[in-house]
1. Placing unit charges on C-beta atoms (Lys and Arg positive, Asp and Glu negative, everything else neutral), compute the dipole magnitude of the stretch 18-146 about its Cα centre in debye, rounded to 20.
2. Would you mind computing, in nm to one decimal, how far apart the modelled labels at Trp90 and Glu32 are, each placed 7 Å from Cα along Cα→Cβ?
3. Using a Förster radius of 30 Å, what is the FRET efficiency between Arg112 and Lys62 based on their Cβ-Cβ separation? Nearest 0.05, please.
4. Which of the lysines could a cross-linker bridge to Lys48, judged by Cα under 28 Å and excluding same-chain residues fewer than eight apart?
5. How about the stretch 76-147: which trypsin sites (Lys or Arg not before Pro) there are in a DSSP loop, with at most 14 other Cβ atoms within 10 Å of their Cβ?
6. Run the numbers for Gln123 and Glu80: contour at 0.36 nm per residue of separation, minus the present Cα-Cα distance, in nm.
7. Please tell me the relative contact order of the chain in percent, rounded to the nearest whole number, where contacts are Cα pairs under 8 Å and at least six residues apart.
8. Short version: ³J(HN,Hα) in whole Hz for each residue of the stretch 49-58, in order, from phi by Karplus 6.51 cos²θ - 1.76 cosθ + 1.60 (θ = phi - 60°), x for Gly and Pro, what are they?
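Derivation of every value follows stated rules applied to the coordinates shown; laboratory data play no part. Model, not experiment: these values are computed from the prediction. Neighbour counts are summed over all protein chains in view; Cβ atoms, including those assigned to glycine, are modelled from backbone coordinates with ideal geometry.
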Amino acid sequence: MSDIKVPFKYERRKFFRIKLPLPLEAILEVLEIKGRKVNVGNTKVLVKNIGPGGLCFVSDIKFPVRNEMILQFTFQLLEEEIKVRGNIVWSGKTKEDLYEYGVEFTIDENERVDLIRILNQVQIKIKKNILFSEGSFVSISYNTYFN
């Protein structure tokens, strides 16, 4: 036996996350900044993983990490259009010099229950079928997508 201790990484998430088999294309809109409604258009981003509490997305745009900026993500999953709102809680850079963000949802419990129902179905389909593709998935690399 080795005396090497592996540091324990504390999991802060309250909910499960699903690592998607392919990036999921979503439309991101900034809805509010500091409580004020804004209309600055939208952009496409790629979602890496998602759960009832939040998601991780990749973009070629640098966003600030602020809880006073409310974002909305719209995407197709299991033939349903899903809209979720949240704010960025962390950011980082990818190997491809793109930006990666963690978003915590600000949705009510009814919306969360609906999302959990859909995500449970997604999890089952992913486990049964590696080629699960019932959503707005893209099959190209992040770098190719954003260039």
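1. Roughly 280 debye for the stretch 18-146.
2. Using points 7 Å along Cα→Cβ, the separation is 2.5 nm.
3. 0.55
4. List returned: Lys9, Lys14, Lys19, Lys34, Lys37, Lys62, Lys83, Lys93, Lys95, Lys125, Lys127, Lys128.
5. Sites meeting the loop and neighbour criteria: Lys95.
6. Net length gain for the segment: 13.9 nm.
7. 24 percent.
8. Going residue by residue, I get 8, 8, x, x, x, x, 8, 10, 10, 10 Hz, with x marking Gly and Pro.
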